[in-house]
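Report on the following structure.
The values are calculated or read from the model by the stated rules, or taken from the named source; none is laboratory data. Given the structure is predicted, the values throughout are model-derived calculations rather than measurements. Cβ coordinates were reconstructed from backbone atoms using ideal geometry, including for glycine residues, and neighbour counts include every protein chain displayed. Areas reflect the complete protein model, heavy atoms only, side chains present, ligands, DNA and RNA absent. Shrake-Rupley method; radii C 1.70, N 1.55, O 1.52, S 1.80 Å.
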Amino acid sequence: MSNNLPPYTAPSINRDAYNCPYCDVFAHQISFDSFITNDDVDGYIELPWLKTVQCKRCKQYQLWRGESLIFPESLVIAPPNEDLNEDIKRDYNEARSIVQKSLRGATALLRLCIQKLCIQLGEPNKNLNIAISNLVEKGLPVKIQQALDIVRVIGNEAVHPGQMDIKDDIDIATQLFHLVNLISETMISQPKKIDDLYKKLPQTKKDAIKDRDKKKESS
């Protein structure tokens, strides 16, 4: 089944619409020049290096220096999957709030997210490497195993000396957020949607499906 995550457009001073860093909603953004008051000349001085942007939906303001968002400080990352447990969402959102200040801290939190996600998927082993291995034995898809191991390994490297240095690699950090959502979407949200739709089938149709499968097993 194809990924069904909602579309997400990161903020950019070069776009006129993206997901707002305040309300998270994809909305039109109005950009205009920034000025400061100057009492000496009884007027305003234009700051060509600074742009002010206002979200059309929530009316909040952002400040951009060149192509860098300087206010609000937090880097805009897609919100956590709604089907994640509440404690995982809290850890994910904490990682979102610090990623621009501490890539290592955010990455370590995302590793904690997948440790708790494995528990949500039915594998409570405290050793994350073993937990993933046990999920593979239970039929975990290879690509989801790889996604879990990516977050696990990079999360470990963030807090222990190793072969990877992610302290300045914002792209890797932002991709880890995407992987956490991708894993939960594939393993939790999509099966939930299928179950909800299947429950709406007439009981006679579901009984006929069961009979079909029993005949297949006995043949």
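Structural remarks
- Three-way shape label, segment 108-219, alpha-carbon gyration tensor, a/c 1.5: prolate
- Solvent exposure of segment 82-219, expressed per residue, is 60 Å² of accessible area, with all protein chains present and a 1.4 angstrom probe.
- Packing, as the average of other Cβ atoms within 10 Å across residues, places the peptides 184-197, 85-98 in the order 85-98, 184-197, highest first.
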